[in-house]
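The block underneath contains the structure these notes are about, expressed in structure tokens.
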Amino acid sequence: MATYEGKVFTEEQEALVVKSWTVMKKNSAELGLNFFLKIFEIAPSAKKLFLFLRDSDVPLEQNTKLKPHAMSVFVMTCESAVQLRKAGKVTVRETTLKKLGATHFKYGVVDEHFEVTKFALLETIKGAVPEMWSAEMKNAWGEAYDRLVAAIKAEMVACSQS
């Protein structure tokens, strides 16, 4: 079983994550965009963290760089969650994890940004699979997200020490 700071990612949590991701996967482009739109709705200042949005006058929904970025982040987050128990740890290619840490460090991402992102992710999933949504599913996705964030933060710390 995958353990993290004393917590176990259970078979039941894994099943909930896998079941919901199986349904969401086919709409990952739309859901990824919704995920980011929710982030910016909650925290409009987060747009400044993205170079391709800083000087753009194009509505977010029509930004040609936001859509692929949003989809890749959403898919990576969900795929990481699906693999968590089987792998026993966050599974993102090590080079990708190092790059994520370096990028988040470079742009000054802080705990509050991760919290807004977690809320937006959970709301996006809830909206995507309302008939499946439950407190248990929310906890499963929240736990998986927290583990991914912990891995990214570890790489951010490594960047700050180099």
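The values are calculated or read from the model by the stated rules, or taken from the named source; none is laboratory data. Keep in mind that this is a model prediction, so the values were computed, not measured. Using ideal geometry, Cβ is built from the backbone for each residue, glycine included, and neighbour counts are taken over all protein chains shown. All accessible areas refer to the heavy atoms of the entire protein, side chains included, with ligands and DNA or RNA removed. Shrake-Rupley method; radii C 1.70, N 1.55, O 1.52, S 1.80 Å.
Since A128 meets every condition but one in (1) without any contact (Cβ under 8 Å) to a residue 24 or more places away in the chain; (2) open to solvent by less than 60 Å² (accessible area, probe 1.4 Å), which condition does it not meet?
(1)
Under 9 Å by Cβ, and 6 or more places apart or on different chains, what pairs join a residue from the stretch 24-47 that is hydroxyl-bearing (S, T, Y) with one that is assigned to a helix (DSSP H, G or I) and open to solvent by 70 Å² or more (accessible area, probe 1.4 Å)?
S28/M71
Among the residues that make up the stretch 125-141, is at least one of them closer than 21 Å to M156 by Cα, of a type in the set (A, V, I, L, M) and assigned to a helix (DSSP H, G or I)? Talk me through it step by step, then tell me what you get.
Residues of the stretch 125-141 that are closer than 21 Å to M156 by Cα, as a first pass: none.
No, the stretch 125-141 has no match at all.
Which one of these does K118 not meet: (1) surrounded by 19 or more Cβ atoms within 10 Å (Cβ to Cβ); (2) farther than 21 Å from L51 by Cβ; (3) within 11 Å of the chain's Cα centre (by Cα); (4) not aliphatic (A, V, I, L, M)?
Condition (1) is where K118 drops out.
Scanning for something over 28 Å from Q13 (Cβ atoms) and of a type in the set (S, T, Y), does the stretch 59-66 turn up at least one residue? Before the answer, list the steps.
First pass over the stretch 59-66, keeping only residues over 28 Å from Q13 (Cβ atoms): 59-66.
Retained after the next criterion (residues that are of a type in the set (S, T, Y)): 64.
Yes: the stretch 59-66 contains one or more residues that are over 28 Å from Q13 (Cβ atoms) and of a type in the set (S, T, Y).
Consider V90 against the criteria (1) open to solvent by less than 40 Å² (accessible area, probe 1.4 Å); (2) part of a helix (DSSP H, G or I): it satisfies all of them except one. Which criterion is unmet?
Answer for V90: the failing condition is (2).
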